[in-house]
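Quick note: the coordinates plus some simple rules give every number you see, no bench work behind them. Nothing here was measured: the structure is a model prediction, and the numbers come from that model. Please note: Cβ atoms are built from the backbone with ideal geometry, for glycine as well, and neighbour counts cover all protein chains shown.
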Amino acid sequence: MLQLDAWRPRVTPAPLGAINHNVPDSFERLFLQEYPKVVAIAYRVLADRPAAEDVAQEVFLKFHRRLSPDSEWASGWLHAAAVHSALNVIRGERRRAQRESAHALDPAQTSTANPERVVEEAEGRREVRRALRRLPQRTAALLMLRYSGLSYAEVASALGIKVGNVGTLLRRAEDALRKEVNRATSE
């Protein structure tokens, strides 16, 4: 049976109380608290768990080299960096187009009852990713953060915008994505 939610990771952060009392290093506490969410954000963009984990590691390395883990905006920086780094991975992949045209099915989904539906869904996801690459980086980041499960407050913190503006910007971003997907499919 096809599991449509199988590609969506579940974010299960460690209990904050347990982290704060048992881990003396502030960076390690931040890492333990935010790593699952950073991986989930990158995974939503890349749809590749190992690549998402690589992105998360790079993000934490950059953060560790440049910033203080005690900063109040550390989690927002990590979330935004995860989106931007994952989008950069997508933009930098030249082989992606070859893989997309070479095979339409995801190997994990080959044992389904309706192969035509699987192909259509896979093509739809690829088209959305292509459209995201063509959107402005901030617009794509907004969409990915929100649809990675972050609240409006977390999205606002990650992008440095007011919480009250997130809903409006999100609707505009969704409209832009919809237009980009429609434009690409009509060509």
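What FRET efficiency comes out for the pair E121/D25, r = Cβ-Cβ distance, R0 = 30 Å, nearest 0.05? FRET efficiency, E121 to D25: 0.10. Each of the peptides 143-150, 130-137 was scored by the mean count of other Cβ atoms within 10 Å over its residues; in descending order, highest first, they stand as 143-150, 130-137.
When the trypsin sites (Lys or Arg not before Pro) in the range 147-187 are filtered for DSSP coil states and for at most 15 other beta-carbon atoms within 10 Å of their beta-carbon, the remaining sites are K162.
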